[in-house]
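Asker: Sharing a structure with you now.
Read the figures in this text as sums done on the coordinates, not as results from a lab. Here the structure is a predicted model, which means the values were calculated and not measured. When we count neighbours, we look across all protein chains shown, and the Cβ atoms used for this are built from the backbone with ideal geometry, even at glycine.
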Amino acid sequence: MVKSEVVIDEELCQGCGYCVKFCPRQCLEITGDKFNTQGQFLPSFVRPDECNTCGFCAMLCPVSAIEVYLNVTKEVPV
């Protein structure tokens, strides 16, 4: 099984929304219910099954608050 993981440093994030706007698969959203100590609304990784680990979100982040990982696990045959 292949699974993408997007990790956002919540205190470093400035809430600019570039990651949300330019995600080609709309995997990130700013929902308005999550914010950091600076009062910035934060993106959430809401569609992990749609993510293809392209890394656009991490490349576009002006403060490098995003890291993208590809996790590969073996499924046990049943």
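Asker: Given an 8 Å cut-off on Cα distances and at least 6 residues of separation, report the relative contact order of the chain as a percent. Display every interim value, and only then the final one.
Answerer: Details: 132 pairs, mean separation 33.8, N = 78.
Averaging sequence separation for qualifying contacts and normalising by length gives 43 percent for the chain.
Asker: Can you give the convex hull volume per residue for the Cα atoms of region 1-70, as a whole number of Å³? Let's see the in-between values first.
Answerer: Working: hull volume 5.2 nm³, N = 70.
Dividing the Cα hull volume of region 1-70 by its residue count gives 75 Å³.
Asker: Another one. Please give, to one decimal in nm, the separation of the simple spin-label points placed at F35 and M59, each 7 Å out from Cα toward the Cβ.
Answerer: Between F35 and M59, the simple spin-label model gives 3.2 nm.
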